Amino acid sequence: QVHLVESGGGLVQAGGSLRLSCAASGSIFSINAMGWYRQAPGKQRDLVATINRDGSTNYVDSVKGRFTISRDNAKNTVYLQMNSLKPEDTAVYYCKVSQYGINYWGKGTLVTVSS
């Protein structure tokens with residue numbers, strides 16, 4: 001079993017920045033993809049960004065140029081640097097990691113962007 005703990009969420013004004021972290025622990029052998037998803041009130045959970053073990057990344061169009069995903073394989077941690085935040089970025093942000101074809105999710109961290 002892999003356990004994920006997210007941190008770094010909070011309240012920020014539009015134009016501000018936040019950095020999310022997600023640390024994985026437990027039965028970790030070879031984590032492949034790590035990623036961030038978000039779910040706004042009344043909406044489905046959507047992809048924000050992913051990063052593979054080789055460092056290749058993928059972003060949803062709405063965050064390109066504003067968000068940066070990174071990972072520290074030695075610490076089994078994935079980060080999401082969020083700049084130029086907008087009110088529409090308000091959501092619960094979830095971390096997901098994949099190991100041997102199994103997906104593990106964190107419990108989420110709330111990001112609120114005020115206008």
* To do: For region 10-31, indicate whether the set of residues that are among the aliphatic types (A, V, I, L, M) and without any contact (Cβ under 8 Å) to a residue 40 or more places away in the chain is non-empty.
  => no
* **Which listed residue is over 14 Å from residue 84 (Cα atoms), among the acidic types (Asp, Glu) and modelled with pLDDT of 95 or more, from 46, 54** => 46
* To do: Considering only region 59-89, state which residues are open to solvent by 30 Å² or more (accessible area, probe 1.4 Å), within 13 Å of the chain's Cα centre (by Cα) and polar (S, T, N, Q).
  => 68, 70, 81
* **Residue among 46, 54 that alone is outside any strand (DSSP E or B), out of contact with any Gly (no Cβ under 9 Å at 6 or more places or on another chain) and open to solvent by 50 Å² or more (accessible area, probe 1.4 Å)** => 54
* Asked: Taking the condition assigned to a strand (DSSP E or B), open to solvent by 60 Å² or more (accessible area, probe 1.4 Å) and modelled with pLDDT of 95 or more, does residue 38 pass?
  -> no
* So is residue 104 touching an Asp or Glu at 6+ places or on another chain (Cβ under 9 Å), touching a residue at least 12 places away in the same chain (Cβ under 8 Å), of a type in the set (Phe, Trp, Tyr) and on the phi < 0 side of the Ramachandran plot or not? -> no
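The values are calculated or read from the model by the stated rules, or taken from the named source; none is laboratory data. For clarity, every value in this text was computed on a predicted model and none was experimentally measured. All Cβ positions, glycine included, derive from the backbone under ideal geometry; neighbour counts span all protein chains shown. Side chains included, ligands, DNA and RNA excluded: accessible areas come from the protein's heavy atoms. Shrake-Rupley method; radii C 1.70, N 1.55, O 1.52, S 1.80 Å.
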